[in-house]
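Since the structure comes first, as C-alpha cells, the remarks are kept for the end.
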Amino acid sequence: MMNREASHILGIDCATVPGKRGVSLALFDNRCSIESAAAGLSDTELVEMPTQCKQRGGRVLLALDAPLGWPEPLGRRLAPHKAGQSLPEKAHSLFRRETDLFVKRTFNMQSLDVGADRIARTAHSALELLGTFRKETGSRIALADDENFHGISVIEVYPAATLSVYGLQSRAYKNPEAVQARIAILDGLEGLGIRISQSARSNATESADALDAIVCVAAGMDFLKGDAHPPEDPALAAKEGWIWVRRKSVGED
C-alpha cells in the first residue's frame, strides 16, 4: 500500500562534471508537481537541496540515473584473479547486473554495463555525491526497497526505460537542436497528470539533462505509488543495485 506521507523527489541525471548534470525537484502528495529543473548546478547548490527538503518536512526520495552498485560475480571473480589468468564466465555474466538483464528482458532496452563501460565513472561520482549528502544531512540515506520508507532514501532509475513505458520518445531527444522532441516529451508527461512549472519546462526544453532529471522524478513517483517492478532477489539487489521502472505501460492499468 502506498505511503500517503507527502514526499519530495529529487531527480538527478548524474554525470562526472556538474555542467552535464541535470537536477529536478518535485513535491509528491497524491500528485507529482515539478517545482524546478535545471542543468549545470554547482556542487554547492546541489548538496544543499536534500537538507532544504528535509527542513520543509516530509520524506525525501533521491532518484538517481546512475548505477549504484557493481555485478556481484565481477567482484567475486576479480578478488582472487591474477594478471594473465582466464575468467570462466562469459562477459555478460561478469559485466552486467541482474537488474540490467531484467531491464533487457522486460523492456528490450539495454542499460550501460557498469562493469565494462565509462558509466563506471558516473557511478563513482554518484556514490561520492551520496556520501556528501549523508555528511550534510546527517542521514543514513539507504537504498529504498519499497515505498514505505522514512527520512531520506535513494533509488536507481533509468529515464529511457521510463519514457518507453510511458509510450513517449526515448531516443533522439538529446541533441541540442531536438527542441520539438523535448517539447513532445514534456507534453506527454503533463498529459499523464504531472504538473511542471513554467520555469522547469523552459529549462527542460533547452536542456536534455534537465529533461532527464524530470523523468528521474517521474520514475520516483512510480516508485512511491508502488507501481514499479521490485527485484526478484532482494538480497542480490541490495548488493548490486536495482533499476526501478513502472510495472505496466500507461493505459494497461
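The values are calculated or read from the model by the stated rules, or taken from the named source; none is laboratory data. Every value quoted in this text rests on a predicted model; they were computed, and no experiment measured them. Glycine also receives a Cβ, built like all others from the backbone with ideal geometry; neighbour counts cover every protein chain displayed. Note: accessible area is taken over every heavy atom of the protein model, side chains too, but ligands, DNA and RNA are not part of it. Shrake-Rupley method; radii C 1.70, N 1.55, O 1.52, S 1.80 Å.
Below is a table of values for the structure above.
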quantity	calculated
Positions within the range 26-48 being of a type in the set (A, V, I, L, M) and without any contact (Cβ under 8 Å) to a residue 60 or more places away in the chain, in sequence order	Leu27, Leu41
Unmet requirement for Asn148, which otherwise passes all of (1) within 15 Å of the chain's Cα centre (by Cα); (2) more than 21 Å from Thr16 (Cα to Cα)	(1)
Residue selected from the range 4-27 under the condition among the hydroxyl-bearing types (Ser, Thr, Tyr) and open to solvent by less than 10 Å² (accessible area, probe 1.4 Å), by the criterion farthest from the chain's Cα centre (by Cα)	Ser7
Of the criteria (1) within 19 Å of the chain's Cα centre (by Cα); (2) open to solvent by 30 Å² or more (accessible area, probe 1.4 Å); (3) charged (D, E, K, R), which one Lys82 fails	(1)
Some residue of the range 110-132 being touching a residue at least 60 places away in the same chain (Cβ under 8 Å), farther than 17 Å from Ala15 by Cβ and either open to solvent by less than 40 Å² (accessible area, probe 1.4 Å) or under 14 Å from the mean Cα position of the chain (by Cα) (or both)	no
